Structures are given as C-alpha cells and as structure tokens.
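S.K.: Before anything else, here's the structure in question.
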Amino acid sequence: MSMRIDEVALPESIDDESAAAALFRGFVDTRNLVRREAWGGSADLDFSYRETFMSARDSVEERQHRFAAVIDDRVVGVCRVEVSRHEMDAPARLLISVLPQHRRQGIGSALLTAAAAVIRDEGRAYTQLGVEHPEGPGPRLVASTGHGSIPADNAEAQALTKAGFTLEQAERVSRLELDAASVEHLAEQLEAATTRSAGYRLETWQGKTPKHLLQTMAALGARMSTDAPAGGLEAVEEVWHADRLAAFEHNEIEGQGRRYLQAAAFDGDEAVAYTKLLLPHTGTRQAIQQDTLVHGDHRGHSLGLRVKAANLLQLRQEHPDFDRVITWNAEENQHMLAVNDQLGFGRVLVEGAWQRRER
C-alpha cells in the first residue's frame, strides 16, 4: 500500500468527471467524515462541494492551498493552508484531517510537511490550527492559558505535539436548542438586558450591512483581531474599513450564497457591540454563532447579552426551521461563557487552538 500527497487544484466545475473534480470532491468528503467523527456522527457542520469551491475560488480575504493524501485512489487525509491577502504578517491558518482508520501511519506528518513548504514560501512566521477533540478518559493536556484541557492521548494531540505545536488555548463548544421554552427565556433575557443598557440603540438586519453602517461596523469588527482572548496565540491587528467590509460581504453573500443575521448596539452613531449568525445551506437545522464583541469602553451594560438574545430571536422569527445554534468561546473568556450560560447554551466538546513558530 503506497501513499502519495497530491496538490488539490480547483477544477473547472465541481460536477464534471475530470480527475481534478473527483479529487476536489474527495477532499470535501474526507474533511466532512473526520468532522462528523468528532461530533458523534452529526453532519451539521458539513461543507457542500459548492460552498467549498466558491470559498476557494473567490475569497477576497485569503489565499488557499490544498493537499490530499491518497491511497489506492481514495483520499484518506486532507490539508488546507490559508494566508491573509491583507495582513502579510498574520499567521497561516491550517486545517488537517486524517480518516480514523489511517491515523498513526505518518499521513498527518506528510501533509504537515507539504503545508510547511507553502507556509515557508508565503513567509509566515506562525502556523495556527483548531482541532475538535472528542472527550475521553485518561490524562489531560492543559492549554498554556491554564484554562481548559483536552485528552492527552488523543491521536491528533500527540501528532501535533510531536510536530512542534503547542496547545495555546482551549475553546469551549456550546449548543443552544431553540424550542418554545428557550425562546420565551431569550425574550425575558432581552427585556432585562435592554433595561440595563438603556441609552443604547439596537439594530438587527439580514444579509449585507446597510451602507450607512459600514464604516462604524468595520471599525468595531477590526477590534476582534486584538480584543478577543487569544491566549498564547500570535495576534495581528487587522485593518478594516467600509470598502473591505463591503467587498467581504458581497463575496460571502452574493458569491458564495451564505446567509447572515446580525445585531448591533449603538452609542449615538457609533457601533459598540455586535454579533453575527451564519446560516449554512447544507440542509442542517443548526446555525453557527460567529463573532460577538463589545467595545472595551462600553462593557458592563449587558450589551453582549442584549445583542446575542436579539439576534437569536431574529433567527427564530425569520428562519424557524433552524432550531439550534452552535458557538465557540475561549475557556478563559469567563464573561462571555457566563452570557452563554445565561442564554441557555450547554457544553458539547472542546476545540484545541494549536500554534507553531516557523522562524
């Protein structure tokens, strides 16, 4: 049995019978299978061929490089490297997935070697990746923050440690079930948070950010790169402005067909808190909670609770077919974890945030 590493080029079409299209579909299928394993068989976080293809072809935010480990014409492991097109000193982002029956055979190491060459050519000083680690018995590996841990005998954890990566942060993955009782609870939480944040204006919308809000939303969104807890992860300040945000949303919504729901709080005309939900189009009934941020000068007024509750209620009203929401938060981010607890989220698993210095 021989294994080879192939670069996964973009095909002309994801539907044709070419070798390039077959390899690309194998890349997507393998990634989805590995993620399902971490989620107990759930396909909620699958990516479609179209979404993956459009993201790779049209992204205005990053360049992507993809590799596949192939045995007997079957893709058994995949790797993707993403590098920012804007922040040239930002760390490379890595995804690596190997089918369970092919782990501990050197496949992950071979994919890491292929990725390292690309990262070196891109001139990035750090590589970062997130890995979903199912819970298990035995000894624990604690994140460098001292908050959160993963099973130490996890195959991916052992392989990454051997390859020189450090577990810099543990992120708690939580889920909210949107049933009638939880919706009533959310409405109560929103009412209480609105009382505590009197004087701030709330706006919600679907799709693209209204033009008159682009600049202030871009300014607030830029703070995610430095204000969100990063543990020992290298963080580079991102520069966002109205044109960059408009281009990003146009690409995501018009180009890739993604659906967003947003809520933001304003002090006068300045956006001071926001949150965003992504609605996948793969047939799942699970929405994905993305960014949530409250400007440091405006914390302590229940704005995080207010924008999240408002957006979750917007989801329920406008898209009642979505009946659950998933979210990720750093274990050291005790305030936001408390907000999630208050809203009714429950713990599912832990994602490890790993990093390696390249030079």
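S.K.: Using only the Cα atoms of segment 176-301, construct the convex hull and provide its projected area averaged over every direction, in square nanometres to one decimal.
M.R.: 9.3 nm²
S.K.: Still on this structure: For segment 232-276, state what percent of all Cα-Cα pairs lands in each successive 5 Å bin, counting from 0 Å until the bin that includes the largest distance.
M.R.: For segment 232-276, the pair-distance distribution reads 5, 15, 14, 25, 21, 14, 4, 0.
S.K.: Still on this model: Which three extents, in whole angstrom, do the alpha-carbon atoms of segment 54-197 cover along their principal axes, largest first?
M.R.: 57, 43, 34
S.K.: Still on this structure: Looking at the chain, how many pairs of lysines come closer than 27 Å at the Cα, when each pair is eight or more places apart or spans two chains?
M.R.: Step by step, the pairs that qualify in the chain add up to 5.
S.K.: How big is the dipole moment of segment 36-101 about its Cα centre under a simple scheme where the beta carbon of each Lys and Arg is +1, that of each Asp and Glu is -1, and everything else is neutral? Debye, nearest 20, please.
M.R.: Once rounded to the nearest 20, the dipole reads 140 debye.
S.K.: Which of the GluC sites (Glu not before Pro) found in segment 122-173 are in a DSSP loop and have at most 13 neighbouring Cβ atoms, other than their own, within 10 Å?
M.R.: 135
S.K.: Largest first, please: the extent of the C-alpha atoms of segment 95-175 along each principal axis, to the nearest Å.
M.R.: For segment 95-175, the Cα spread along each principal axis is 37, 30, 26 Å.
S.K.: First obtain the Kirkwood hydrodynamic radius of the chain from its Cα pairs, then insert it into the Stokes-Einstein equation at 37 °C and 0.692 mPa s, and state the resulting D in µm² per second as a whole number.
M.R.: Value of D from the Cα-based Kirkwood radius: 153 µm²/s.
S.K.: How much area per residue is accessible in segment 299-338 when the probe is 1.4 Å and only protein heavy atoms are counted (Å²)?
M.R.: About 37 Å² of surface per residue is accessible.
S.K.: Averaged over every viewing direction, what's the projected area of the C-alpha convex hull for segment 250-293? Give it in nm², one decimal, please.
M.R.: So the mean shadow area of the Cα hull is 3.7 nm².
S.K.: Okay, moving on. When the chain is fully extended, how far beyond the present Cα-Cα distance does residue 74 get from residue 236, taking 0.36 nm per residue of separation?
M.R.: Gain on stretching residue 74 to residue 236: 54.5 nm.
S.K.: Given q = 0.14, 0.22, 0.27 Å⁻¹, what are the Debye log10 I(q)/I(0) values for segment 285-359, with equal point scatterers placed on the Cα positions and solvent ignored?
M.R.: -0.54, -1.10, -1.43
S.K.: Okay, next question. Cα convex hull of segment 319-359: mean projected area in nm², to one decimal?
M.R.: For the Cα atoms of segment 319-359, the hull's average projected area reads 4.9 nm².
S.K.: A further question on this structure: If the label point is 7 Å along Cα→Cβ of residue 18, which residues in segment 239-267 have backbone nitrogen under 16 Å from it?
M.R.: No residues fall inside that zone.
S.K.: What trypsin sites (Lys or Arg not before Pro) does segment 66-110 have in DSSP loop regions with at most 15 other beta carbons within 10 Å?
M.R.: Listed in order of number, the matching sites are 85, 104.
S.K.: Which order do the peptides 289-300, 10-21 take when ranked by the mean count of other beta-carbon atoms within 10 Å per residue, highest first?
M.R.: Order by mean packing, descending: 289-300, 10-21.
S.K.: Next up: Can you tell me the dipole magnitude for the chain around its Cα centre, using point charges on the Cβ only (Lys, Arg +1; Asp, Glu -1), in Debye to the nearest 20?
M.R.: Computed about the Cα centre, the dipole is about 580 debye.
S.K.: Relative to the compact globular guide of 2.2 N^0.38 Å, what is the alpha carbon radius of gyration of segment 10-97, as a ratio?
M.R.: Taking the Cα Rg and dividing by 2.2 N^0.38 Å, one obtains 1.13.
S.K.: Still on this structure, I have one more. Set the Förster distance to 35 Å, then compute FRET efficiency between residue 270 and residue 113 from the Cβ-Cβ distance, nearest 0.05.
M.R.: Once rounded, the FRET efficiency stands at 0.15.
S.K.: Any idea how far the Cα center of segment 1-35 sits from the one of segment 144-178, in Å?
M.R.: Cα centroid to Cα centroid, the span is 28 Å.
S.K.: Let me ask something additional. May I ask you to derive the FRET efficiency for residue 180 and residue 223 from their Cβ-Cβ distance with R0 = 22 Å, giving the value to the nearest 0.05?
M.R.: 0.05
S.K.: Within the P(r) computed for segment 216-359, what percentage of the Cα pairs occupies the region above 22 Å?
M.R.: The share of Cα pairs beyond 22 Å in segment 216-359 comes to 45 percent.
S.K.: Run the accessible area of segment 200-359 with a 1.4 Å probe and give the carbon-and-sulfur part as a rounded percent.
M.R.: Looking at segment 200-359 in its full context, I get 45 percent from C and S.
The values are calculated or read from the model by the stated rules, or taken from the named source; none is laboratory data. These numbers come from a predicted model, not from an experiment. We place every Cβ from the backbone using ideal geometry, glycine too, and count neighbours over all the protein chains shown. Keep in mind that these areas ignore ligands, DNA and RNA; they rest on the heavy atoms of the full protein, side chains included. Shrake-Rupley method; radii C 1.70, N 1.55, O 1.52, S 1.80 Å.
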